[in-house]
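This report refers to the structure that appears directly beneath it.
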Amino acid sequence: MDGSQPCAQVDPEIFFPAPSDRPGIARAKAICNTCKFVEECLASAVWDPKLEGIWGGTTPRQRETMRTRLRKLGKGKVTV
């Protein structure tokens, strides 16, 4: 990443909405979806179960679901 990503241009708190704040989650995801690094961000975030907030356009719960599915497919290992 080179500092041009949209998340670097806004208040970081936007990416840490409460789990029940659907408009806040949608706002953060919309920012991620404009970023050319969204796939790279998600690829790095999906294997970090301690990571909170919106990363790569996903919530922590979505990333947990992805980790579970990827483990079942044998597509990766969780490293902590």
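The values are calculated or read from the model by the stated rules, or taken from the named source; none is laboratory data. What you are looking at is a predicted structure, and each value in this text was computed from that prediction instead of being measured. Cβ sites come from the backbone with ideal geometry, for glycine too, and all protein chains shown count toward neighbours.
Here are some notes:
- Within region 14-40, residues that are within 17 Å of Gln62 (Cα to Cα) and of a type in the set (Phe, Trp, Tyr) sit with their Cβ atoms under 6 Å from residues that are surrounded by 11 or more Cβ atoms within 10 Å (Cβ to Cβ) and modelled with pLDDT of 95 or more, at 6+ positions apart or across chains, in these pairs: Phe15/Ala28; Phe15/Gly53; Phe15/Ile54; Phe16/Gly53.
- Region 6-37 - residue that is modelled with pLDDT of 95 or more, in contact with a helix residue (DSSP H, G or I) (Cβ under 6 Å, 6 or more places away or on another chain) and in a helix (DSSP H, G or I) and, of those, farthest from Arg71 (Cα to Cα): Ile14
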